[in-house]
Each structure stands twice: as C-alpha cells, then as structure tokens.
1. Over 12 Å, how big is the tail of the calculated P(r) for the range 77-129, in percent of all Cα pairs?
2. With the chain treated as a Gaussian network of Cα nodes joined by springs under 10 Å, which of S60, S232, S348 yields the largest mean-square fluctuation?
3. Could you tell me the number of lysine pairs in the range 300-385 with C-alpha atoms less than 18 Å from each other, where the two lysines are 8 or more residues apart or belong to different chains?
4. If you take every DSSP beta bridge whose two residues both sit in the range 97-173, what share of them, in percent to the nearest 5, is antiparallel?
5. For the range 153-166, just list the computed ³J(HN,Hα) in residue order, Karplus coefficients 6.51, -1.76 and 1.60, θ = phi - 60°, integers in Hz, with x standing in for Gly and Pro.
6. Only Lys, Arg, Asp and Glu count, each charged at its Cβ (+1, +1, -1, -1), so figure out the dipole size of the range 290-339 about its Cα centre, rounded to 20 debye.
7. Per DSSP H run of at least 4 residues, take -39500 (n - 2.57); add these up for the chain, divide by its residues and hand me the 222 nm value, nearest 500 deg cm²/dmol.
8. Dipole size in debye (nearest 20) for the chain around its Cα centre, Lys and Arg Cβ +1, Asp and Glu Cβ -1?
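What follows draws every value from the coordinates through simple rules; no lab data is involved. What you see is a predicted model; the values in this text were computed from it and never measured. Cβ sites come from the backbone with ideal geometry, for glycine too, and all protein chains shown count toward neighbours.
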Amino acid sequence: MPQFPNAIHSKLPLVGTTIFTVMSRLAAEHNAINLSQGFPDFNCDKALIELVNKYMKAGSNQYSPMAGAIALREIIAEKTENLYGTQYNPDSEITITSGATQAIYTAITAMIEEDDEVLIFEPAYDCYQPAIELNYGKTIYVQLKVPHYTIDWKEVKKLINHRTKMIIINTPHNPTGAVMTADDMRELEKITAGTGIIIISDEVYEHIIFDNRQHQSVARFPKLAERSFIISSFGKTFHATGWKVGYCIAPQNLMAEFRKVHQFLVFAVNTPMQLAIAEYLKEKENYLSLGNFYQKKRDYFNQLISQSKFTFDNSAGTYFQLLRYGSISNEKDSDYAIRLVKELGVASVPVSVFYHKAIDEKVLRFCFAKKEETLEKAAAILCKI
C-alpha cells in the first residue's frame, strides 16, 4: 500500500503495543497457559447471559440515553449509598461508560489542560500516562514503597504545587494487589484540603478484596467525594471483561464536564447489557460474594506454588498475585517473563513495565482469575523451576 508522503508527528512517540497484548500473543503462539492478561477463563453467570438475551428479544436494541439506562444508574446510586454511605443523584451524577478505561480517559480529557500536573503512583496501570500526555498535561510519578507497595504521603506533599491539577489513585491496586487504608484516605484528604486538586479514584476491583479488609472508596470520605471521579467496572465484577461496561460517579459540577466529553467519545453504551446488569444487581450477593470467590482462588493458587522457589506475600485485592523470582534468576523481569512463555509455557507480566522508567525488582504478575485446572497446570510448571 502507498505510504503517506510526509512524516507523521506521533502524539505518543514512546508508546507501543501494550504488554498485555504482547504477552497474550506470545502465549497463543507458544500454546502457553495465559496468566498474563487480566481476564477470567470461565464464563459469567448463565443467569446474566439470559437477562441480556431477554432484553435483546424484548427489543431493547437501540441507543440508550447518553448518560446510560436510568434503571442502571438508579441501582448504582442505591448500591453506592448502601456500601459507602454517600448519596449520588442518578440523573446528574452517574454516567455509564464503555468500560473503565474510557471513563478514565474521559475524566482526564474533561479536566486536564496544557501543563497541568497529574500525580500517579508507580507501578501504575498503563492507561493513565498516555491520556495525560494526549491532553498536554505533565505526569508526575510517585513510587510506591516496596515490598508492600505503600504510599509515602510526605513525598506526595512535597510534589504538590500550584500546577497540580489531579491525583489518580487505584485501590485495590493493579498490578500489585495492594489496598489503600482509611488512614491513606485521610492523608489524601489533608493534602488536598483547600486546593482545587481533582481526584480520579480507579476502583474497578472494589469487590475483589480479601482477608476481611474493607474497601476504602473515596465515597466514604465527604471531603474527598466532593472533588472525585469514582470509576468502576462491571467487566471485572461479573467476569465479563469483553462486554466493556463500566461507570463513573462524580458530583454534578464535575459530571457535567465529564458528559461533555463522553457524548463525543462513545455517546451511549450497549443497551441490552445495561438493562441486564441493572436487573442482576438487584440480587446483592451477585457482587457481595465476589471477595470470597476470588480469595479461594488466590489461596488455592498460592497453596499450589508454596513449595516453589518463588516468594510472595498474599495479594490483598484484585485478581493478581505478584511472585518474586530473585532466588531463581538474575535476568531482567521482561526477559525472564518471555523465557517462561517460550521455554516453559506459562505467561505472566513483568512488573517493571508498569514504571515509566523500568524498575526491575525481579517480580512478575500472575492472574489467578482462572479455572482450578488452569491454576493447577500453571503451578505444576512453576514448581518445577
């Protein structure tokens, strides 16, 4: 095909194909067990699929309202108040999105202007920085403190200045599985008090939290809630990542700006799936039982690999487990991850790729949102190393 004659100036010159795509492609090429990309290898509830079919057959196949089906927004408002004690208006403060990544991009685009500074915590999920850069903002990186990936709030405070427009937090945290505490939220509240700083709180794993911990949504903290976009995902909650249905909650003044951008990105989200999820959410156990469901998978996977040479601390949330391999190899984590796929048939993600300048702590991320037989096959290989 003929090439465009002039050189193209890339707006993201340092961005290539995501690591998740790279590792999943390698896994497919080498017929490896894929514990890299974060999606289950089992189906979602048959009842939920039947509800989608019900609404399709009923003729709910046209555009939903731009902000989302009102039935879904109303039950999200009810769920949020029941869990976190804060009321949101479903008409003006909740928007259904085409997944959490779209919601995050929309919030950043609505708020960030040229040279605004945005603080993110590394290792960080990879969609934050590109969205900031595409909107001509400046990313300020704060390293989480190993081995437990905690936040040094004194360091955060030193980085804040008159150009700081936004702080992005993520709890439970991908890729590390760390969980922010109520004390963390109170520190964030203190730091942002009296400022115009906006918070994006990425809470897509809000229901996947372990060992009797309580999810500390910013919605629990009124002074944070008034300046925050809360992002969540039904794909993570209901084992249906391919549906790409999520939502954003924010005070009316922030949501008004969010919707100005949202309507020109996707306009509206898949109608029958929204209506099906709204009905499915009426049974609270469909999401309240999720923590126990995934904790059993975490515990099973960790029990299976307990006799291996990998070392680890139990993940506190998400469906990811970090494994340290420093006693096995001195290879770079990216090289070791590729070798695991090609030579041994197990795919993971090297944690160094979640830093803007790769920091190699000899740690790999494995997804345990898999069938027991999948975890057993992977663990058998890992234990032979």
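1. Details: 1022 of 1378 pairs.
In whole percent, the share of Cα-Cα pairs in the range 77-129 beyond 12 Å is 74.
2. Of S60, S232, S348, the most mobile in the Gaussian network model is S60.
3. Value for the range 300-385: 9.
4. Details: 1 of 11 bridges.
Antiparallel: roughly 10 percent of the beta bridges in the range 97-173.
5. Going residue by residue, I get 6, 5, 5, 4, 4, 5, 8, 7, 8, 5, 8, 6, 9, 8 Hz, with x marking Gly and Pro.
6. It comes to approximately 140 debye.
7. The helix-only estimate for the chain comes to -11000 deg cm²/dmol at 222 nm.
8. 420 debye
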